[in-house]
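The values are calculated or read from the model by the stated rules, or taken from the named source; none is laboratory data. Fair warning: this is a prediction, and the values are worked out from it, not measured in the lab. Glycine gets a Cβ as well: all are built from the backbone with ideal geometry, and neighbour counts include every protein chain shown.
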Amino acid sequence: MRYRIALIRGDGIGPEQAEATLLVLLKLEELLGLKLEIVDVEAGDACMKRTGTPLPDETIRTLKGSHACLKGPVGETAADVIVRLRQMFDLYANVRPARSLPNVPALKPGVDLVIVRENTEDLYKGYEWELDGIAIGIRLITRRGCERIARYAFELARRRKRKIVAVHKANVMRITCGLFARTCREVSKDYPDIAYSEMYVDAAAMDLIRRPEHFDVIVTTNVFGDILSDEAAQVVGGLGLAPAANIGDEYAIFEPVHGCAPDIAGKGIANPISMILSAAMMFEWLAARYSDERCLEASELVNEAVTRTLEEGKVLTPDLGGRAKTIELGARIASMMEEIRRA
Ligand code: ATP
């Protein structure tokens, strides 16, 4: 099968990360015989400057005609791009793994958790108004939204360590978080094989620092998930390593957790691993959606090559304590894939 992948390079460090990631994709084609058609599409700040819109119709059309999208970070227009795309394609599950990797300075070792964040509701829906110095925002939470994210998280936990914590603040936000907590509790009854518990978001934020190794799957609402996943990324070594997936029933977009990092953009020193691991998540999703073993192999090979490259510790970007350029780290991961296949 030939996969049509829409590539949004994005702003800031995005295009640099995309170049490095393309080396990995090309190597996958060479090593596994994967057939990829990479279609470049524009979105973000630079696109806005050039075309007058951050998300042109042409981009949306191309995404609709593709199997999946790989996206770099975008700048100021992020809300007009990714938040809109999440709504448009109903990408309700934002999946953000945080895993300890070799040789990466981290707060705690032995972490392997995934944050499953509801991706289409909550305060990020954008229902906000201001009148005469009074600002109001609506927190939209639906039973349907809670149920589908809970089910997604429970299914994921079945393929992992079978442990879920639902994170909320139902003691204060009794109605909105109350609905979320109640729905998670109800769904948990369908999954007796999975250890289910709940935690208030403030306590969860603390435990992510204190004992992150105790978490397996965290399921939570949109805003809490956004904040906790940046925290989790830092606990295991920083945003440069943090991948993410926006998953719906029909389509998915894969992108780094972080923003476009204007402070280091244009220097060629950004860590490409967050985008390379996002590509690995994309292949895992394609494998499940199209029952394609080769995509699963691709995902495993990329993950293994990233781990071994870090273990080797010779080609590292400055955020990992090295002096390598973005493209050099991408190239080393690609050549590591070849070494793994030859061994
Ligand atoms: P946003 O609000 O859009 O998330 P931001 O500017 O607040 O963006 P990021 O762009 O996520 O934050 O960057 C936060 C910090 O992490 C910056 O110092 C940035 O250089 C660093 N950083 C982010 N991504 C990477 C990366 N891939 N490699 C190295 N450093 C990174």
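Here are a few things to note about the model shown:
Table: residues versus (1) over 25 Å from Y152 (Cβ atoms); (2) more than 16 Å from the ligand (Cβ to nearest atom); (3) touching a residue at least 12 places away in the same chain (Cβ under 8 Å); (4) small (G, A, S).
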position	(1), (2), (3), (4)
A232	no, no, yes, yes
G237	yes, no, yes, yes
A242	no, no, yes, yes
Y251	no, yes, yes, no
L277	no, no, yes, no
A280	no, no, yes, yes
F283	no, yes, yes, no
A288	no, yes, no, yes
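- Test: S274 is of a type in the set (S, T, Y), over 20 Å from E118 (Cα atoms) and outside any loop (DSSP other than H, G, I, E, B): yes
- Every residue from segment 253-268 that is within 7 Å of the ligand (Cβ to nearest atom) and either on the phi < 0 side of the Ramachandran plot or not assigned by TED's automatic domain parsing to the domain that holds A298 (or both): P256, H258, G259, C260, P262, D263, I264
Residue by residue, here is whether (1) modelled with pLDDT under 95; (2) outside any helix (DSSP H, G or I); (3) within 15 Å of A280 (Cα to Cα) holds:
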{"position": "E297", "(1), (2), (3)": "no, no, yes"}
{"position": "V302", "(1), (2), (3)": "no, no, yes"}
{"position": "T307", "(1), (2), (3)": "no, no, yes"}
{"position": "L316", "(1), (2), (3)": "no, yes, no"}
{"position": "I327", "(1), (2), (3)": "no, no, no"}
{"position": "G330", "(1), (2), (3)": "no, no, yes"}
{"position": "E338", "(1), (2), (3)": "no, no, no"}
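- Where helices (runs of 4 or more DSSP H) fall wholly inside segment 56-175, the ranges with 3 or more residues that are outside the structural domain of D11 (by TED's automatic domain parsing) and either β-branched (V, I, T) or without any contact (Cβ under 8 Å) to a residue 60 or more places away in the chain (or both) are 143-158.
- Cβ-Cβ under 9 Å pairs, at least 6 apart or on other chains, segment 4-16 side within 16 Å of L239 (Cβ to Cβ), far side of a type in the set (S, T, Y): D11/T77; I13/T326; E16/T326
- Residue in segment 173-184 that is charged (D, E, K, R), modelled with pLDDT under 95 and out of contact with any helix residue (DSSP H, G or I) (no Cβ under 6 Å at 6 or more places or on another chain) present: no
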